[in-house]
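Undergrad: This is the structure, below, for whatever I ask next.
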Amino acid sequence: MDDLIEDAGPAGGPGNAPEFTVSEISGAVKRSIEAGFSHVRVRGEVGRLSRPRSGHVYLDLKDDRSVLASVIWKGVASRLAHPPEEGMEVIATGRLTTFPGQSKYQLVIEDLRPAGAGALMAMLEKRRAMLAAEGLFDEGRKRPLPFLPEVIGVVTSPSGAVIRDILHRLRDRFPRHVLIWPVAVQGEKCAPEVARAIRGFNALPEAGGPVPRPDLIIVARGGGSLEDLWGFNEEAVVRAAAESAIPLISAVGHETDTTLIDFASDWRAPTPTAAAERAVPVRMDLLNWLRQQDGILTRAMAQGMAARRQRLADLSRALPRPEALLDTARQRLDIAASGLAPALRHRTALARGRIDGAAARLTPALDRAVAKKRLALGQTAARLGPQTLHALTRQGRRDLDGLARRLDPARQSRRLSEARARLDDLAARLARGTETALATRRDRLTNLARLHQTLGYTETLARGYAVVRAGDMPVTTKAAAETHPALEIEFADGRLGVTPTGAPPKPAPKRAAPKPDKPDQGTLF
């Protein structure tokens, strides 16, 4: 600029300085600043921040005394690993230039990085607090993990050791169908690819699609520095994990590494291997548990059946004798059967007598009716003229002939014979039905008698039991047996007289063998 601005003339004189336009002065200043500050690194705090629709980023870098206007062009802004945020301390690399339209200078930023781990942690804490305030980390919105998922979706790098560890662990514990969505796990592509993978798994159709929809998603990555894991702290990844309708396990880094996706996921695994262990149970443990439950169930069923069998046996011993149940019914049947035939004969005789009586009363009544009609006709004829009398007589004779034909004794006798035939047929049918019913009931009684014989105490004696008696009375206790000088024990093949210890023997009286249908009662042992 020394050649553009020469020294002025004496004070108060017009001087010989040349004249320049505003654009010339602005261009000279622009060239001077760009030549002296073509590559600078500036440390400061991000102040005012603006992102217009053009995609460029306008911001201020400031410290405690000054402010430097800065701009990040659209192409550079899309490649930044850490987009600027207000209040963030950064180190900006770029060049100084001027903006002639406003007579100001500004820094064109070509690279922007946080000023150390402290700045990243401050930005991370600020973002965590913002997302937590929205409720994305609430415990109430987390979904339970499925016990045994059919399909597991894994979001990770396909070339790292992480996917091999997960597949190996799943194969050892419980093999499942695994879908791998390959993504970049660090760098500027990490966050958008991970978010797109989570939303892509959720967009798959639940049934009938060419690719099965996972029942569980695992987002995994190995350990690394804070900068390496920064993609999993991005807001897009956290929101995608919180919006996932499929339960999600976060397995990013080692146990000491913490990222924001861990707070939004449904379960955080300290390592990718731990995520695989949490995703599926051990198959052999499940098989052992099933065998144990099967044994418990089998023992319980066996014990229940034995208890019910014993209960049934106890109740069957308390049932009364079958004869006691059947005697009354058999007696009622015999009484009804003995009175059925006489009753039928009596009913038939009564019906036949009523028919004969009606037939006996019918002929005199007809004769009296005809005579009465003839008398009335004669009286009427006496009052009428010859012609009228002749006509009435002719009409009356036709009427009388018709009545006579209708009241023909042969016809009435035929109708009476038909009625007797129908009555005899009904009586025969009644007799056959009664005989059939009696035969059915006899068969039922015979079957019940056989059942009683089978369940009688003689059959019990055949199974190895015995009846102890003292005379005609059964003995059921040891104390009662000691009070009798002689006892009799009945077996299936006969009876045996015994003498209790300390008592003189006494011959047992001879008794007739009990009838099969009415056994003596005693004590079985």
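Undergrad: R463 is checked against (1) at pLDDT 85 or above; (2) charged (D, E, K, R); (3) within 60 Å of the chain's Cα centre (by Cα); (4) farther than 30 Å from A336 by Cβ and fails just one. What number does that condition carry?
TA: That leaves (1) as the condition not met.
Undergrad: Of all residues in region 190-244, how many are over 15 Å from I261 (Cβ atoms), in contact (Cβ under 8 Å) with a residue 24 or more places away in the chain and charged (D, E, K, R)?
TA: Of the residues in region 190-244, 3 are over 15 Å from I261 (Cβ atoms), in contact (Cβ under 8 Å) with a residue 24 or more places away in the chain and charged (D, E, K, R).
Residues checked against (1) on the phi < 0 side of the Ramachandran plot; (2) at pLDDT 85 or above; (3) open to solvent by less than 50 Å² (accessible area, probe 1.4 Å); (4) out of contact with any Gly (no Cβ under 8 Å at 6 or more places or on another chain):
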residue: E34; (1), (2), (3), (4): yes, no, no, yes
residue: E45; (1), (2), (3), (4): yes, no, no, no
residue: L68; (1), (2), (3), (4): yes, yes, yes, no
residue: I72; (1), (2), (3), (4): yes, yes, yes, yes
residue: L80; (1), (2), (3), (4): yes, no, yes, yes
residue: P83; (1), (2), (3), (4): yes, no, no, yes
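Undergrad: Here's another thing I want to ask about it. Only residues in region 278-299 that are in contact (Cβ under 8 Å) with a residue 24 or more places away in the chain and within 24 Å of R268 (Cα to Cα) count as the first member; pair them with residues that are aromatic (F, W, Y) and open to solvent by 60 Å² or more (accessible area, probe 1.4 Å), Cβ under 9 angstrom, at least 6 apart or cross-chain, and list the lot.
TA: R278/W267; V280/F147; P281/F147
Undergrad: Pairs, please: C-beta under 9 Å, at least 6 apart or cross-chain, first residue at positive phi and in region 250-270, second open to solvent by 10 Å² or more (accessible area, probe 1.4 Å) and of a type outside the set (A, V, I, L, M)?
TA: The qualifying pairs are G253/R221; G253/G222; G253/G223; G253/G224; G253/D228; G253/D262; G253/P270; G253/T271.
Undergrad: Show the residue pairs that are 6+ apart or on different chains and have beta-carbon atoms under 9 Å apart, the first residue being within region 161-183 and over 20 Å from L148 (Cβ atoms), the second being of a type in the set (K, R).
TA: V162/R221; W181/R196; V183/K189; V183/R196
Undergrad: Let me confirm something: among A376, A351, A371, which residue is open to solvent by less than 80 Å² (accessible area, probe 1.4 Å), of a type in the set (A, V, I, L, M) and closer than 30 Å to T434 by Cβ?
TA: Values: A376 fails: closer than 30 Å to T434 by Cβ; A371 fails: closer than 30 Å to T434 by Cβ.
After applying the criteria, what remains is A351.
Undergrad: Shifting gears a bit: Of all residues in region 462-485, how many are touching a strand residue (DSSP E or B) at 6+ places or on another chain (Cβ under 8 Å) and not in a loop (DSSP other than H, G, I, E, B)?
TA: Residues flagged as touching a strand residue (DSSP E or B) at 6+ places or on another chain (Cβ under 8 Å) and not in a loop (DSSP other than H, G, I, E, B) within region 462-485 amount to 7.
Undergrad: Follow-up question, since we're still on this one. Need the failing condition index for P149 against (1) more than 30 Å from the chain's Cα centre (by Cα); (2) of a type outside the set (A, V, I, L, M); (3) modelled with pLDDT of 90 or more, just the number.
TA: So the condition that P149 fails would be (1).
Undergrad: Identify all residues within region 219-245 that are among the aliphatic types (A, V, I, L, M), open to solvent by less than 20 Å² (accessible area, probe 1.4 Å) and in contact with a helix residue (DSSP H, G or I) (Cβ under 6 Å, 6 or more places away or on another chain); write none if there are none.
TA: Just the residues of region 219-245 that are among the aliphatic types (A, V, I, L, M), to begin with: 219-220, 226, 229, 236-238, 240-242, 245.
This time we only want the ones that are open to solvent by less than 20 Å² (accessible area, probe 1.4 Å), so: 219-220, 229, 237-238, 240-242.
Of everything in region 219-245, those that are among the aliphatic types (A, V, I, L, M), open to solvent by less than 20 Å² (accessible area, probe 1.4 Å) and in contact with a helix residue (DSSP H, G or I) (Cβ under 6 Å, 6 or more places away or on another chain) turn out to be A220, V237, V238, A240, A241, A242.
Undergrad: Same structure again: State all residues of region 195-205 that are part of a helix (DSSP H, G or I) and either at pLDDT below 90 or not charged (D, E, K, R) (or both); if no residue qualifies, say none. Show your work before the answer.
TA: Filtering region 195-205 down to residues part of a helix (DSSP H, G or I) leaves 195-203.
Across region 195-205, the qualifying residues are A195, A197, I198, G200, F201, N202, A203.
Undergrad: Given the conditions (1) touching a residue at least 12 places away in the same chain (Cβ under 8 Å); (2) farther than 21 Å from T434 by Cβ; (3) of a type outside the set (A, V, I, L, M); (4) open to solvent by less than 80 Å² (accessible area, probe 1.4 Å), which single one is not true for R330?
TA: Unmet condition: (2).
Here is a yes/no grid of residues against (1) surrounded by fewer than 12 Cβ atoms within 10 Å (Cβ to Cβ); (2) touching a Cys at 6+ places or on another chain (Cβ under 7 Å); (3) more than 30 Å from R450 (Cα to Cα):
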position	(1), (2), (3)
Q303	yes, no, yes
L312	yes, no, no
T393	no, no, yes
G396	no, no, yes
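Undergrad: Could you tell me which numbered condition R127 fails, if it satisfies all but one of (1) modelled with pLDDT of 90 or more; (2) under 20 Å from A195 (Cβ atoms); (3) charged (D, E, K, R)?
TA: In the conditions (1) modelled with pLDDT of 90 or more; (2) under 20 Å from A195 (Cβ atoms); (3) charged (D, E, K, R), R127 misses (1) alone.
Undergrad: Let me ask you something else. Out of everything in region 165-194 that is in contact with a Leu (Cβ under 9 Å, 6 or more places away or on another chain), assigned to a loop (DSSP other than H, G, I, E, B) and open to solvent by less than 50 Å² (accessible area, probe 1.4 Å), what residue ends up being farthest from A276 (Cα to Cα)?
TA: So, considering only residues that are in contact with a Leu (Cβ under 9 Å, 6 or more places away or on another chain), assigned to a loop (DSSP other than H, G, I, E, B) and open to solvent by less than 50 Å² (accessible area, probe 1.4 Å), the one farthest from A276 (Cα to Cα) is V185.
Undergrad: For region 280-293, does any single residue satisfy the condition of being under 25 Å from D215 (Cα atoms) and crowded, with 16+ Cβ neighbours inside 10 Å?
TA: Yes, region 280-293 contains a residue that is under 25 Å from D215 (Cα atoms) and crowded, with 16+ Cβ neighbours inside 10 Å.
Undergrad: Still on this structure, I have one more. Go over the candidates D266, D257 one by one and state the one that is at pLDDT 90 or above, open to solvent by 10 Å² or more (accessible area, probe 1.4 Å), charged (D, E, K, R) and within 24 Å of K126 (Cα to Cα). Write out each step before concluding.
TA: Values: D257 fails: at pLDDT 90 or above.
Matching residue, one of D266, D257: D266.
Undergrad: A further question follows. Look through region 124-151, keep the residues that are without any contact (Cβ under 8 Å) to a residue 40 or more places away in the chain and outside any loop (DSSP other than H, G, I, E, B), and return whichever of them is most open to solvent (accessible area, probe 1.4 Å). Break it down into steps so the answer makes sense when it comes.
TA: Our first condition is that a residue be without any contact (Cβ under 8 Å) to a residue 40 or more places away in the chain; within region 124-151, this holds for 125, 129-130, 133-135, 138-140.
Pick out the ones that are also outside any loop (DSSP other than H, G, I, E, B) and you get 125, 129-130, 133, 139-140.
Numbers: E125: 94, A129: 51, M130: 84, A133: 90, E139: 138, G140: 82 Å².
It comes out as E139.
The values are calculated or read from the model by the stated rules, or taken from the named source; none is laboratory data. Since we're looking at a predicted model, the values are computed, not measured. Glycine gets a Cβ as well: all are built from the backbone with ideal geometry, and neighbour counts include every protein chain shown. Heavy atoms of the whole protein, side chains included, go into the accessibility calculation; ligands, DNA and RNA do not. Shrake-Rupley method; radii C 1.70, N 1.55, O 1.52, S 1.80 Å.
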